[in-house]
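Read through the structure below, which is laid out as structure tokens, and then see the notes.
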Amino acid sequence: MTLTTEQLLAAEQRSREEMVRLGASFFQRGYATGSAGNLSLLLADGTLLATPTGSCLGELQAERLSKVSLSGEWLSGDKPSKEISFHRALYLNNPACKAVVHLHCTYLTALSCLQGLDTENAIKPFTPYVVMRVGKVPVVPYYRPGDERLAHDLAKLAPTHRAFLLANHGPVVTGKDLRAAADNTEEMEDAAKLIFTLGDRPIRYLTDDEIAELRS
């Protein structure tokens, strides 16, 4: 169904308001600090709405959010984050990706700093929820924030994964919409918190059969 101009504008305004609400929620609950992290979503007209460079997720303004084309052209609003390139890589390489959340939340960022992580799956399944929401969480090697190699590596992983851990940096999580991407991020952060809470105690990991049942 083709939307009218009025419908597109109304849908965009709702998306702007949702991004402001979720950004504030992340900030108020300690998932984001200062100007760290960025959010984006795919609008119905095929353009992206994203948080501006240097913006605090707790102080976003709907009318100042960045609007960017999938090719990277800055269309309106404040200047987009330098990390918008890896957001674009995810949208361009996975049609199911409709929103992206990148935070520096405490436990997932701490996890990303550990040596010896399984680069194919940083969160070995021990509860069903990360498995059901995002599946495997591969680790992307460390690059400085904004480095184009982040986009390159995420583009390769995007067709087969929904969430990623950037080494020494934090999580990047996708979803069918911004609410889903936010929920997926929170589930992963909770799992990371459990990893540090359990420490060196023996963990009963899910079996291959149990994981297969969840994925089916």
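The values are calculated or read from the model by the stated rules, or taken from the named source; none is laboratory data. Just so you know, these numbers come straight off a predicted model, no measurement behind them. Heads up, the Cβs are rebuilt from the backbone with ideal geometry, glycines too, and the neighbour counts pull from every protein chain shown. These area figures cover heavy atoms from the full protein model, side chains too; ligands, DNA and RNA do not enter into them. Shrake-Rupley method; radii C 1.70, N 1.55, O 1.52, S 1.80 Å.
Region 162-216: which trypsin sites (Lys or Arg not before Pro) are DSSP loop and have at most 14 other beta-carbon atoms within 10 angstrom? Taking region 162-216 and a limit of 14 other Cβ atoms within 10 Å, the loop trypsin sites (Lys or Arg not before Pro) found are Lys176, Arg204. Here the chain has 51 percent of its accessible surface on carbon and sulfur atoms, given a 1.4 Å probe and all protein chains in place. When the chain is described by a simple charge dipole with +1 on each Lys and Arg Cβ and -1 on each Asp and Glu Cβ, the residue from Gly199, Thr53, Thr119 located farthest towards its positive end is Thr53. Here region 14-94 is assigned +1 on the Cβ of each Lys and Arg and -1 on the Cβ of each Asp and Glu. Its dipole about the Cα centre then comes out at about 100 debye.
Ordering Met19, Met132 by accessible surface, largest first, gives Met132, Met19; the 1.4 Å probe counts only protein heavy atoms, with every chain in place. Label separation (Leu206 vs Gln115): 3.1 nm, computed from points 7 Å beyond Cα along the C-beta direction. Pairs from the list Lys79/Lys156; Lys124/Lys156; Lys136/Lys156 with a Cα-Cα gap above 19 Å: Lys79/Lys156; Lys124/Lys156. Distance between the pseudo-spin-label points of Asn168 and Ala11 (7 Å out from Cα toward the beta carbon): 4.2 nm.
Our note on the geometry: Cα centres of region 1-26 and region 140-164, 27 Å apart.
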